[in-house]
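Before any comments, here is the structure.
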């Protein structure tokens, strides 16, 4: 029972660290997916006096991913009954060309302004519409969300650090007697602390397994992913290979560092 | 005969201006049985601690088993301690370990394999009449039984030197006689040097011994 308690206190502390990291990663991934979603929806409209091919657009700015001409056929169709064919042909010749430019990432307001200036400097381009006001609102909302998540993660990290420090003091107290006795019989440092390292490694593995199970269940029942899908975001909250390996490395790192600190600060009693 | 302990002008203290042992010069022959007596607080336990490196000489020189104890390195100290068996008044058993594993501790540290150490532990538990308690934990045993376990542990690795600090201080007669028999046996049969710190030398010892008495920080041999 006592041994279980010893294990649980470290496992809970490690699980809290891993969960906060995993939540941060999942939120970051969701924001990235949302950015990609926004990127697909966002485009810049360009009005030109002459035809410009996709390659030329791409050469103007590295952010431009592709361009699509906007058909004027619909407008001309509507005017068909009101204008003679001759006037219609004349209009067709003088009507400017419209293009929709898609970007390879969701731009910042500054990048939009720079892109706009660059495009307007081309003599063939008559007008550029970046929909900056709508873009700014969406972008600022996203930045706010990112900041909130970051503050939340820092707060969790601070709380868990305190938890781990407390745990470290408990460990020092619990194991000092055994380490002292072993030292009196000439045990080298690695042997005195072998139990601590074994405990730390086992607890790190258990904490990682619990985290994997928890996030697997969240993914399996899919409530969160369904909610995200409804707003057009498709994201994997827990990647079994990457996230499990990263969590294990963090858990091992934290618990082994904790053990090293205990061993380093241990003073043999006289 | 070689000396296992040589002290020259040895001074011991915990604080700079509070000398407990002052400029003591003495030597202890290998294979001898030695009692160190003195009043409470006279420094007999401190002197014993200096023999296993828990306290460093403040002044003078101390050699234990040919190893200089002044500014001793951790690796040298560990090596020396692997050849010493210590019995403490408060037993110092590892609570989370069984009796069997506690006795095995010096053998684990010295790197003996399971079969060798298992046989040695069984033999020693037989000597201290605790074979039937092997699987129990220290807190399940009486004080006398715990001290017998500590005694078995001190003998497990056939040390060259046994240091015992009030080994029978609070024990019943039966446990005390087991402890003295084992100490006598180690000294006579294995030629192990035994140094015992105590208030009273037990009556009826069958072996020759040396007696040092500590008073006001000085060590005197009693004839």
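What follows draws every value from the coordinates through simple rules; no lab data is involved. Just so we're clear, the structure is a prediction, and the values are computed from it rather than from any experiment. As a convention, Cβ positions derive from the backbone with ideal geometry for all residues, glycine included, and neighbour counts pool all protein chains shown.
Structural remarks
- Choice from A:129, A:50, A:77 with maximal GNM fluctuation in chain A (Cα, 10 Å cutoff): A:77
- When the P(r) is computed for the stretch A:1-148, the part past 28 Å accounts for 46% of the Cα-Cα pairs.
- Spatial offset of the stretch B:38-84 relative to the stretch B:1-23 amounts to 9 Å, using the alpha carbon center of each.
- Directionally averaged shadow of chain B, computed from the convex hull of its alpha-carbon atoms, nm²: 12.3 nm²
- Over the stretch A:1-151, relative contact order from alpha-carbon pairs under 8 Å, at least 6 apart, %: 33 percent
- Footprinting exposure proxy for A:171, A:190 (fewest neighbouring C-beta atoms within 10 Å first): A:190, A:171
- Computed from the Kirkwood radius of its Cα pairs, the Stokes-Einstein diffusion coefficient for the protein assembly as shown at 4 °C and 1.567 mPa s stands at 44 µm²/s.
- Ellipticity estimate at 222 nm from DSSP helix runs (n ≥ 4, -39,500 (n - 2.57)) divided over chain A, nearest 500: -25000 deg cm²/dmol
- The stretch B:169-213 - convex hull of alpha carbons, volume per residue in Å³: 81 Å³
- Normalised by the number of residues in the stretch A:43-130, the mean separation of alpha-carbon contacts (under 8 Å, six or more apart) gives a relative contact order of 51 percent.
- From the Kirkwood radius over Cα pairs of the stretch A:43-130, Stokes-Einstein at 4 °C and 1.567 mPa s returns a whole-number translational diffusion coefficient of 92 µm²/s.
- Each peptide in B:74-80, A:85-91, A:180-186 receives the mean, over its residues, of other Cβ atoms within 10 Å, and ordering these scores from highest gives A:180-186, B:74-80, A:85-91.
- For the pair the stretch A:118-146 / the stretch A:215-231, the C-alpha centres are spaced 33 Å from each other.
- Per-residue ellipticity at 222 nm from helix content only, as computed over chain B with -39500 (n - 2.57) for each DSSP H run of at least four residues, stands at -10000 deg cm²/dmol.
- Taking the fewest neighbouring Cβ atoms within 10 Å as the starting point, the ordered list for A:226, A:83, A:60 is A:226, A:83, A:60.
- Put in order of Cβ neighbour count within 10 Å, fewest first, the listed residues B:13, A:234, B:175 become A:234, B:13, B:175.
- The stretch A:111-270 shape via C-alpha gyration tensor axes, a/c threshold 1.5: prolate
- Only Cα pairs under 8 Å and 6+ residues apart enter the sum, and on that basis the relative contact order of chain B stands at 29 percent.
- The ellipsoid equivalent to the alpha-carbon distribution of chain A has semi-axes of 64, 18, 14 angstrom, derived from the gyration tensor eigenvalues as √(5λ) and listed largest first.
- Between residue A:166 and residue A:120, full extension at 0.36 nm per residue minus the direct alpha carbon distance yields a gain of 10.4 nm.
- Angle of helix B:99-110 to the longest C-alpha principal axis of chain B, folded into 0 to 90 degrees and rounded to 10: 60°.
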